1. Would you mind classifying segment 24-80 by shape? Square roots of the alpha carbon gyration tensor eigenvalues, ordered a ≥ b ≥ c; an a/c under 1.5 is rounded, otherwise it is prolate if a/b is larger than b/c and oblate if not.
2. Given an 8 Å cut-off on Cα distances and at least 6 residues of separation, report the relative contact order of the chain as a percent.
3. Translational diffusion coefficient, Stokes-Einstein: compute it for segment 80-185 using the Kirkwood radius over C-alpha pairs as Rh, at 20 °C and 1.002 mPa s, and state it as an integer in µm² s⁻¹.
4. Would you check the accessible area of Tyr131, probe 1.4 Å, heavy atoms only, in square angstrom rounded to 10?
5. In a Gaussian network model over the chain where Cα atoms closer than 10 Å are linked, find which of Ile46, Ile28, Ile106 has the largest mean-square fluctuation.
6. Express in whole angstrom the spacing between the alpha-carbon centres of segment 147-210 and segment 23-39.
7. By how many degrees, 0 to 90 and rounded to 10, does the Cα axis of helix 18-30 deviate from the longest principal axis of the chain?
8. Could you provide, to the nearest whole Å², the per residue accessible area of segment 120-192 with probe 1.4 Å?
Amino acid sequence: MEFEKENNYIRLIGAADFDGIVEYAVSILRDGGVVRTPTDTVYGLICIPQSAHAVQTIFEMKQRPLTQGLPIIAADQEQVEQELPVVWDDRARLLASHFWPGAMTIACGIRENNIAWLSGRDEAAIRVPDYLFVQELAKKLGPLLMTSANRHGVETPHTAEGALGSLAVRPALVIDGGLLSGAPSTLVNVNCPEPVIERVGSIPKTEIERLLL
């Protein structure tokens, strides 16, 4: 692998060995580590859902209430429909086809299933970021859990250093993607009779209403 890392801190911008960095991050995640990664919106904390230790670590890093489930990250819409037991109706498909990959999070219902890491959840927020590094991780590992890299209730910093300093515990691997927009994704819940915009972010409310109404 031809990339520089010091204290498991890697600068992604300008790195010559992109594939090597992806593979290294994959190895950390497979071992149950948490990776702090840039996305197309804000810095995020990402882990494999099968590792209870990694999931617990994210909650500790953010000091997030355990009652709030972590969002799911996928490589593409096909992976969502094939690998997740979600209620993916025409409204979800319409939103995904227009805004994925991108800053759109879709909350939908979860069908009855025997997947251990989804136990107790009847709804999940799902996104496909417009960020190749994260997409590659999901392609290689399957759907992942990811949430913003900030303490619960605190605004997400736009820089790698700020995001790292906001956390109560240091991640196993830190990926520096430079200055990010800082605008969160827009969250639309389709697990209800009529779609509800629960958070307005990068995608304006008017664009969603024009599409769904």
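1. Since a/c stays below 1.5, the shape of segment 24-80 is classed as rounded.
2. So the answer I get is 29 percent.
3. In µm²/s, the coefficient rounds to 137.
4. We get 50 Å² for Tyr131.
5. Ile28
6. Segment 147-210 and segment 23-39 have Cα centres spaced 19 Å from each other.
7. Between helix and principal axis, roughly 80 degrees.
8. That works out to 38 Å² per residue.
The values are calculated or read from the model by the stated rules, or taken from the named source; none is laboratory data. Because the structure is a prediction, the values reported are computed rather than measured. FYI the Cβ positions are ideal-geometry reconstructions off the backbone, even for glycines, and counts take in every protein chain you see. These area figures cover heavy atoms from the full protein model, side chains too; ligands, DNA and RNA do not enter into them. Shrake-Rupley method; radii C 1.70, N 1.55, O 1.52, S 1.80 Å.
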